[in-house]
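Notes follow once the structure below has been shown.
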Amino acid sequence: MVTEQRQTRQRAEIVDLLSGLDEFRSAQQLHELLRARGSGVGLATVYRAVQRLAEAGEVDVLRTAEGEQVYRRCAQRSHHHHLVCRGCGATVEIDAAEAEAWAARVAASYGYDDVDHTIELVGTCAACRQARA
């Protein structure tokens, strides 16, 4: 019984942290941020928690160019996509009707239906472009 309460507290710490972040973060980065806050949540617990949160649809997951999974608690709980800055990681949630129509057309052209998809647009935000100039 004590174990369940501890897991609940730890998960609450992770959810609280994710709720205050605007960009996607890896499990290791989340762990470092928790440690900086004085939390004793272990890295393995962070990995398990973000995986469960992702499975429950409470966080979104992206795979970076290096293959690492990163997590973000999005404001939109419905299906949506992201525009992510490759420089600073700033993320914008986008609801793109054109992308949905395109995905449906492509699937139908191959005889598929009931298709899930993830579309992530990666670019450079205005602030990073300005800093580079």
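The values are calculated or read from the model by the stated rules, or taken from the named source; none is laboratory data. Nothing here was measured: the structure is a model prediction, and the numbers come from that model. Heads up, the Cβs are rebuilt from the backbone with ideal geometry, glycines too, and the neighbour counts pull from every protein chain shown.
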Being in contact with a strand residue (DSSP E or B) (Cβ under 6 Å, 6 or more places away or on another chain), of a type in the set (A, V, I, L, M, F, W, C) and outside any loop (DSSP other than H, G, I, E, B) is the filter here, so list the residues in the range 68-89 that pass it. 70, 83, 84
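Within the range 31-57, take every residue that is hydrophobic (A, V, I, L, M, F, W, C) and within 12 Å of the chain's Cα centre (by Cα) and give me the one that is surrounded by the fewest Cβ atoms within 10 Å (Cβ to Cβ).
Ranking the qualifying residues of the range 31-57, first place goes to 54.
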Filter result for the condition that a residue is farther than 21 Å from residue 128 by Cα, out of contact with any Lys or Arg (no Cβ under 8 Å at 6 or more places or on another chain) and assigned by TED's automatic domain parsing to the domain that holds residue 11, over 111, 38: 38
Every pair of residues 6+ apart whose Cβ atoms lie under 8 Å, when the first sits in the range 4-21 and is modelled with pLDDT under 85 while the second is part of a helix (DSSP H, G or I) and not aromatic (Phe, Trp, Tyr): 7/45
Please specify each residue of the range 82-133 satisfying the condition of being aromatic (Phe, Trp, Tyr) and loosely packed, with under 13 Cβ neighbours inside 10 Å. 110, 112
